[in-house]
Amino acid sequence: MRAVETSPGETGPVRLQHLVDGRWRDGAGAAYTDVNPARPSRSVAAGTEASAEDAVAAVAAARRAAPGWSGTPYHERAAVLVRAAALVEAAAERWGAELAAEEGKTRPEGVGEVRRAAEILRYCAGEADREAGEVYASPRRGERILVTRRPVGVVLVVTPFNFPIAIPAWKIAPALVHGNTVVWKPASTVPLLAVRLASALHDAGLPPGVLNLVVAGGRTGGALVHHPGVDAVTFTGSTAVGRAIAASCAARGVPVQAEMGGKNAAVVLADADLDLAAEQVLLGAFRSTGQKCTATSRLVVERAVADEFVAEIARRADALVVGDPLVDGVQMGPLVSAAAAEAVGAGVTAAVRQGARPRTTREHLPGGDLAEGFFAPPAVLELDSTDPVIWREELFGPVLAVVRAADPATAFALAADSAYGLAAAVFTTDLGAALDAVDTLDVGVLHVNSETAGADPHVPFGGAKHSGYGPKEQGRASREFFTHTTTVYLRGR
Ligand code: UN1
């Protein structure tokens, strides 16, 4: 989809189009509007969804473009990413505000995310300058053994709503630089930022068909996953959908990378810098309205400091400014949709029924012209046991479940008590305790004295246990998914 700008002075939603075979076009599916979750009566953008035929046309275009793109030198592919990075960077303020209006995170977070996407594009462009394989000695005279890399082909990229430009960038940029062509299906709640990224790549000079964008519902997404023209699927989203995608990819014998849920714990030990820990736990739990798979949704506090620390976290959560994410000073916006707000409300109600004690006291959500917005209050719930469902299941909202632990070993055991294994944070000034955490916590990302969320472009990202399936993302790890190796036994004669 492309965003056709309204002329100056004109108000109303931006008109969206899809990108297929290098051309922007309307979808043949149903009409839909992309609403502002803080003010749902206002639409941010509108268009028609891609139909099944549009999606099939996108796969066909990606297939046709594949030989030409995989045969293009790495440095030429990288140059497109460098030009796209400059376009994204230049638009960061405007697109960041659009992101906030479309998704609900605050404007500074939105602008930061757009800049992060530019950084990711630049990092991936650098792949052209990094080593491109391995050389081994041969047991035979006159021979070397090379391990070279090839693209996997046509990659289906399925992205979630919560990072509308950063996650797509960290899937699409490595796919492209390593010579794959792409069909991208973003979450249908955030088509505008998808259009922005696709237009930057298109305007930077991608040949037709190398990147195709189709905005559609889950049914068309499912059809794409099963399409025989798709050679690999990379997905970020819920564990249930990720597993279904992984199962259908396994049945077709195509590689899949699925980044899924999390139930990430922060452990605060008695020797921690409590002020730093409070600041970081708060950011981890409530930034982006808790809608990150890396968000801090569990807190384990060592008993000796628990009274003081939990009271402080609750006080700070109650003091958070909740409102329109476009307004300066607002610290937390709405959830992405009415369904998300209902699910979070229901999760909190169920937890309280199961014995959780609310430590936050906020009763009123933004009113006035924000009364219809999809807001949920930041909530800190203390548990006397780990029985409540909220300790185990991801809620994807601004809710922090807290338990107390008698000592560091018990605290780590409680943090490790999860089917998920994405991220964890440990707050301590004791190096030995930090090293114990490294040894004990089976997670893909571990933070010592910083919050659970965050992922730099040059290092691996992804989860253990139910959080991740397939190779890690970002950094050099992304090659493991977007290429496969050919071992070349090379003799001169
Ligand atoms: C971050 O913590 O900055 O969907 C990135 C998610 C993760 C990305 C988190 N895949 O929230």
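So for the stretch 319-465, averaging the separation of alpha carbon pairs under 8 Å that are six or more residues apart and normalising by length, what relative contact order in percent results? Can you show the working numbers first?
Values: 207 pairs, mean separation 24.3, N = 147.
For the stretch 319-465, the relative contact order is 17 percent.
Using R₀ = 51 Å, calculate the FRET efficiency as 1/(1 + (r/R₀)^6) where r is the Cβ-Cβ separation of Glu279 and Arg491; round to 0.05.
0.25
Normalising by the residue count of the chain, find the relative contact order in percent from Cα pairs under 8 Å and 6+ residues apart.
Working: 1218 pairs, mean separation 86.3, N = 493.
After rounding, I find 18 percent.
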### the chain: Lys pairs at Cα distance under 19 angstrom, eight or more positions apart or on different chains
9
#### Entry: DSSP bridge orientation in the chain - percent antiparallel, rounded to nearest 5
45
### Query
Which angle from 0 to 90°, rounded to the nearest 10, does the C-alpha axis of helix 52-70 make with the longest principal axis of the chain?
60
### Query
Once you have the alpha carbon radius of gyration of the stretch 325-379, what is it after dividing by 2.2 N^0.38 Å, with N set to its residue count?
1.23
### Task
Show that you can apply the helix-only estimate: for the chain, add -39,500 (n - 2.57) for every DSSP H stretch of four or more residues, divide by all residues, and state [θ] at 222 nm to the nearest 500.
-12000 deg cm²/dmol
### Query
How large is ³J(HN,Hα), in whole Hz, for each residue of the stretch 251-258 in order, when computed from phi with the Karplus curve 6.51 cos²θ - 1.76 cosθ + 1.60 and θ = phi - 60°, using x for Gly and Pro?
5, 8, x, 10, x, 9, 10, 10
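So, counting K/R as plus one and D/E as minus one, what does the shell of residues with Cβ under 10 Å around Ala61 add up to? Let's see the in-between values first.
Working: positive: Arg23, Arg63, Arg64; negative: Asp21.
So the surrounding residues net to +2.
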### Task
Report the extension gain between Glu393 and Leu431 in nm, rounded to one decimal, defined as 0.36 nm multiplied by the number of residues separating them, less their alpha carbon distance.
10.6 nm
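Sorted by average packing, counted as other Cβ atoms within 10 angstrom per residue and highest first, what order do 16-24, 38-46 take? Don't jump to the answer; show the numbers that get you there.
Working: 16-24: 21.7, 38-46: 18.4.
So the order, starting with the most tightly packed, is 16-24, 38-46.
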#### Entry: Angle in degrees between helix 166-177 and the longest Cα principal axis of the chain, rounded to the nearest 10
20
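Fully extended, how many nm does the chain gain between Glu134 and Ser238 (0.36 nm per residue separation, minus their Cα-Cα distance)?
Details: separation 104, 0.36 × 104 = 37.44 nm, distance 3.60 nm.
So the chain would gain 33.8 nm between Glu134 and Ser238.
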### Message
Of Ala223, Val301, Ala314, which is farthest towards the positive pole of the stretch 189-321's charge dipole, taken about the Cα centre with +1 and -1 on the beta-carbons of Lys, Arg and Asp, Glu respectively?
### Response
Ala223
### Task
Could you tell me how many degrees, from 0 to 90 and to the nearest 10, lie between the Cα long axis of helix 191-203 and the main elongation axis, the longest principal axis, of the Cα atoms of the chain?
30
### Message
Going by amide H atoms built from the backbone, whose H comes under 5 Å of the H on Arg149, apart from near neighbours?
### Response
Thr486
### Task
Would you compute the Debye intensity of the stretch 111-239 from its alpha-carbon atoms alone, equal scatterers and no solvent, and pass along log10 I(q)/I(0) at q = 0.13, 0.14, 0.15, 0.18 Å⁻¹ to two decimals?
-0.58, -0.65, -0.73, -0.97
### Summary
The relative contact order of the stretch 378-489, taking Cα pairs under 8 Å that sit 6 or more residues apart, comes to a percentage of 19
### Query
For the stretch 343-477, what's the radius of gyration and Dmax over Cα atoms, in angstrom?
17.2, 52
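Suppose R0 equals 25 Å; then what is the FRET efficiency for Arg94 and Asp369 from their Cβ-Cβ distance, rounded to the nearest 0.05? The partial results should precede the final answer.
Working: r = 23 Å, r/R0 = 0.93.
Rounded to the nearest 0.05, the efficiency is 0.60.
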#### Entry: Hz values of 3J(HN,Hα) by residue in the stretch 391-407 - Karplus curve (6.51, -1.76, 1.60), Gly and Pro given as x
6, 10, 9, 5, 9, 6, x, x, 10, 10, 9, 10, 10, 9, 10, 5, 7
### Query
Which distance in nm do the two modelled labels at Ala477 and Ile145 give, with both placed 7 Å along the Cα-to-Cβ direction?
2.7
### Message
Given points 7 Å out from each Cα along the Cα-Cβ axis, report the Glu342 to Ala419 separation in nanometres with one decimal.
### Response
2.4
#### Entry: Carbon plus sulfur fraction of accessible area for the stretch 264-456, probe 1.4 Å, in percent
52
## Note on the structure
Label model pair Asp203, Lys465: point-to-point distance (7 angstrom along the Cα→beta-carbon line) in nm is 4.5
#### Entry: Three-way shape label, the chain, alpha-carbon gyration tensor, a/c 1.5
oblate
### Message
Please list, in order along the stretch 230-245, the HN-Hα scalar couplings obtained from phi with the Karplus expression 6.51 cos²θ - 1.76 cosθ + 1.60 (θ = phi - 60°), rounded to whole Hz, x for Gly and Pro.
### Response
9, 8, 6, 10, 10, 9, 10, x, 6, 5, 4, 5, x, 5, 5, 5
#### Entry: Solvent-accessible heavy-atom area per residue, rounded to whole Å², over the chain at 1.4 Å
39
### Task
Largest first and to the nearest Å, give the Cα extent of the stretch 264-456 along each principal axis.
52, 35, 30
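Rounded to the nearest 20 debye, what is the charge dipole size of the chain about its Cα centre when +1 sits on each Lys and Arg Cβ and -1 on each Asp and Glu Cβ? Before the final figure, lay out each step's value.
On the way: 47 positive and 55 negative charges, 450 e Å.
That gives the chain a dipole magnitude of about 2160 debye.
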### Query
Gain in length, Ala86 to His458, computed as 0.36 nm per residue apart minus the alpha-carbon separation, to one decimal in nm?
132.0 nm
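Using the Kirkwood formula on the Cα atoms of the stretch 240-356, what hydrodynamic radius do you get, in angstrom to one decimal? Mind dumping the intermediate values first?
Numbers: mean 1/r = 0.0594 Å⁻¹.
Taking the inverse mean of 1/r over all distinct Cα pairs, the stretch 240-356 comes out at 16.8 Å.
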### Query
How big is the gap, in Å, between the Cα center of the stretch 64-89 and the Cα center of the stretch 279-356?
41
### Task
Just the number, please: carbon plus sulfur as a percent of the accessible area of the stretch 93-245, 1.4 Å probe, no ligands or DNA/RNA counted.
56
### Task
Could you run the Debye sum over the Cα atoms of the stretch 297-390, one equal point scatterer each and no solvent, and tell me log10 of I(q)/I(0) at q = 0.10, 0.17 Å⁻¹, two decimals?
-0.30, -0.82
### Under the Debye formula (equal points on every Cα, no solvent term), log10 I(q)/I(0) of the stretch 153-210 at q = 0.13, 0.16, 0.25 Å⁻¹
-0.28, -0.43, -1.07
### Task
Run through the DSSP bridge list for the stretch 264-456 and note the antiparallel percent, rounded to the nearest 5.
10
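The values are calculated or read from the model by the stated rules, or taken from the named source; none is laboratory data. The structure presented is a predicted model; accordingly, all values stated were derived computationally and were not measured. With ideal geometry, Cβ positions are generated from the backbone for all residues, glycine too; neighbour counts draw on all protein chains shown. Accessible surface areas use protein heavy atoms only, side chains included; no ligands, DNA or RNA. Shrake-Rupley method; radii C 1.70, N 1.55, O 1.52, S 1.80 Å.
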